[in-house]
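Everything below concerns the one structure shown next.
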Amino acid sequence: MIYFVNFGMPEKKSGIEHAELKRLALFKKKNIEAKIVTRDWFRDLHRTANNSGVSDDQMINMFDYFQGRVNAESKIVKVDDLDFGLADLQYNDEEENNRYIVTRKNGVMVARVNYEFNDKRVVSVELFDGYNNLYRVDIFDSRGFKTLEQWYSPDNKIINEVWVDEKGRPAIAAYYRKDGQGKLQKSGWKLIALDGSERQFDTIEEILHYFLECLNEVKDNQEYKNIFVIDRALLGDWGFVHMPKDAYMVAYMHNAQTSDAQNPNDILLNNNYEFLLNNLDKYDAVVSATQKQTKDIKDRFKPTAKSFTIPVGIVKEDSLTSPRVPMKDREFGKVIAVARIAWEKHLDDLVRAVAIAKKEVPQITLDLYGYADTSDNYKAKRAVEKVIKDNQLENVVTFKGYTTNIEEIEKNAQVFGLTSRMEGFNLAVMEAISNGMVGVTYDVNYGPNEIIQNENNGFIVPFDDYQAMGQKLIKLFKDPELLQQYSDNAYDSAERYSEENVWNSWQELINDAKLK
């Protein structure tokens, strides 16, 4: 079995989740069984995963596993299905608050039942004692059953959490204690088996290690080892490198390995990968998405683990063969970026480049697709807004928000702009060229400076040089023949990321996991 290990599958996904989805679809097409393994608990995990095309049998969540809920049947639970163990209760529907207030005849509150606004299915139940004190909150999985009990102290703080099995018995428990500052923090975990036996853990990372060991005990193919592809190393660094030798552990690099992505020998490592890089030889394989990063890691760290280069992006066959949209049929001057509005994406520089180009190409517009990073009170978005205001671009630059309808958008736009400080591949650029867009990017590690081929399917300008980028935008929009030529080349260059080419790279890794 092949497992892709991550924290979850949220509605708003990063490039890592999009990469996993593409990979899962490719493996399914090749009739190779693979599953996404998720560590963290989310009440709507199965809903967001299903909406992303991941069926329940393609995913194993750690909490589901120990609760015996991996393939639980879905149903709808409404307030009438709840049993409070009391007679003659009154139900007041507060539709404006999406909840029922449940009281005794004397008006004493029994519960607040929170529901989803569309069909009033139960989300959670807040339970109160006879003195109107909240003592427990029951949370319902989106599949329609109680999954978590949160117990409260008299001062209204969570003191422990209990995840229950289908019969309401405790399966996982988390306990809270006050830290040195008096704040309640998780202090320990416990797993309770059906026979009543218990296992104690200090951290969720330790539980993940045990969980993966449990998965590895199941051998569905005696020819290959079970393969665990670690897409987020920080989920459980220590546990990953201490897996049994009969598991094939793969470290996947989704971003630059150093804090300064432009300097592969920078003394400061990317903190997401520091433990991993210092323990590479305890993995069986290390995968980078680009040839350049593979070379840089081998040159610096000289791992004994086998190195592979496998793009995180995959261009589907129907995309490669679909009709091409000529530049004359697209919106003239339309530039887009698809990225989180975050510090590392440096989108304020892209706006500066557009401001320069607008002086000679007044029709130019820029649409920014992606959700805003909340760090430091949305500092990155505020930086973009300031450049817009300073250059009077309010009618030129538009925040479009997060979208999943990117193909249609890219078939209407002409140029994809990228001004990142660091990358690991950049799926958005790959998708852009597969839709015939011309890329203009900083010379940034890793991905954009391989996906974009300078003066072939776009332009690569010096890192941090937004003025040079502005000039390249002018050059493209003032030369329709060049713009069309680069668009044709973009379509052609997407073949590098075809399903067959990417699959051949994965096949090499899978073959390396053969039992000797």
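Points to keep in mind about this one:
- Pairs, first more than 15 Å from residue 126 (Cα to Cα) in segment 91-106, second charged (D, E, K, R) and loosely packed, with under 10 Cβ neighbours inside 10 Å, C-beta under 6 Å, six or more apart: 105/88
- Those residues of segment 1-39 which are touching a strand residue (DSSP E or B) at 6+ places or on another chain (Cβ under 6 Å) and among the small types (Gly, Ala, Ser), in sequence order: 8, 34
- Pair list, Cβ under 9 Å, 6 or more apart: segment 422-435 residue surrounded by fewer than 24 Cβ atoms within 10 Å (Cβ to Cβ), other residue at pLDDT below 95 and of a type in the set (Phe, Trp, Tyr): 422/446
- Among residues of segment 156-175 that are farther than 17 Å from residue 41 by Cα, those with a beta-carbon under 7 Å from a residue that is surrounded by fewer than 19 Cβ atoms within 10 Å (Cβ to Cβ) at least six positions away or on a different chain give the pairs 156/134; 157/184; 159/151; 159/152; 159/153; 159/176.
- Flag if residue 514 is more than 21 Å from residue 295 (Cα to Cα), outside the structural domain of residue 333 (by TED's automatic domain parsing) and among the basic types (Lys, Arg): yes
- Wholly within segment 318-426, strands (runs of 3 or more DSSP E) carrying at least 2 residues that are over 23 Å from residue 259 (Cβ atoms), of a type in the set (A, V, I, L, M, F, W, C) and within 22 Å of the chain's Cα centre (by Cα): 334-338
- All positions within segment 134-157 that are among the acidic types (Asp, Glu) and within 16 Å of residue 169 (Cα to Cα): 138, 141, 149
- Condition met for residue 144 (surrounded by 14 or more Cβ atoms within 10 Å (Cβ to Cβ) and not aliphatic (A, V, I, L, M)): yes
- Here 309, 321, 374, 304 are screened, and the one residue that is touching a residue at least 12 places away in the same chain (Cβ under 8 Å), among the polar types (S, T, N, Q) and closer than 25 Å to residue 19 by Cβ is 309.
- Restricting segment 211-237 to residues that are more than 27 Å from the chain's Cα centre (by Cα) and of a type in the set (Asp, Glu), the residue that is modelled with the highest pLDDT: 217
- Cross-chain or 6+ apart pairs with Cβ under 7 Å, segment 325-338 first and among the acidic types (Asp, Glu), then buried (at least 18 other Cβ atoms within 10 Å of the Cβ): 331/413
- Residues in segment 25-63 that are free of Cβ contacts under 8 Å to residues at least 12 places away in the same chain and under 18 Å from residue 141 (Cα atoms): 50, 55.
- Tally of residues being under 16 Å from residue 461 (Cβ atoms) and under 19 Å from the mean Cα position of the chain (by Cα) across segment 427-440: 1
- Meets criteria (in the same structural domain as residue 229 (by TED's automatic domain parsing) and touching a strand residue (DSSP E or B) at 6+ places or on another chain (Cβ under 9 Å)) for residue 290: yes
- Qualifying residue in segment 70-83 (condition: surrounded by fewer than 18 Cβ atoms within 10 Å (Cβ to Cβ), within 23 Å of the chain's Cα centre (by Cα) and under 24 Å from residue 500 (Cβ atoms)): no
- Any hit, segment 364-373, residues being over 30 Å from residue 481 (Cβ atoms), among the small types (Gly, Ala, Ser), touching a strand residue (DSSP E or B) at 6+ places or on another chain (Cβ under 7 Å) and modelled with pLDDT under 95: yes
- You will find that of 508, 450, the residue that is closer than 30 Å to residue 245 by Cβ and acidic (Asp, Glu) is 508 and no other.
- Scanning segment 118-148 for residues that are touching a helix residue (DSSP H, G or I) at 6+ places or on another chain (Cβ under 8 Å) and either part of a loop (DSSP other than H, G, I, E, B) or not assigned by TED's automatic domain parsing to the domain that holds residue 166 (or both) returns 120, 142, 143.
Here is a yes/no grid of residues against (1) touching a helix residue (DSSP H, G or I) at 6+ places or on another chain (Cβ under 7 Å); (2) under 18 Å from residue 316 (Cβ atoms):
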{"position": "474", "(1), (2)": "yes, no"}
{"position": "480", "(1), (2)": "yes, no"}
{"position": "489", "(1), (2)": "no, no"}
{"position": "495", "(1), (2)": "yes, yes"}
{"position": "499", "(1), (2)": "yes, yes"}
{"position": "502", "(1), (2)": "yes, yes"}
{"position": "512", "(1), (2)": "no, no"}
{"position": "515", "(1), (2)": "no, no"}
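- Of all residues in segment 366-385, those that are under 23 Å from residue 474 (Cα atoms) and in contact with an Asp or Glu (Cβ under 8 Å, 6 or more places away or on another chain) total 1.
- Across segment 157-191, the number of residues qualifying as within 20 Å of residue 126 (Cα to Cα), not hydroxyl-bearing (Ser, Thr, Tyr) and not in a loop (DSSP other than H, G, I, E, B) comes to 10.
- Inter-residue pairs, beta-carbon under 6 Å, first over 19 Å from residue 116 (Cα atoms) and in segment 68-89, second surrounded by fewer than 13 Cβ atoms within 10 Å (Cβ to Cβ), 6+ apart: 88/105
The values are calculated or read from the model by the stated rules, or taken from the named source; none is laboratory data. From a predicted model like this one, the values you see are computed outputs, not experimental measurements. All Cβ positions, even for glycine, are placed from backbone atoms using ideal geometry, and neighbour counts span all protein chains on display.
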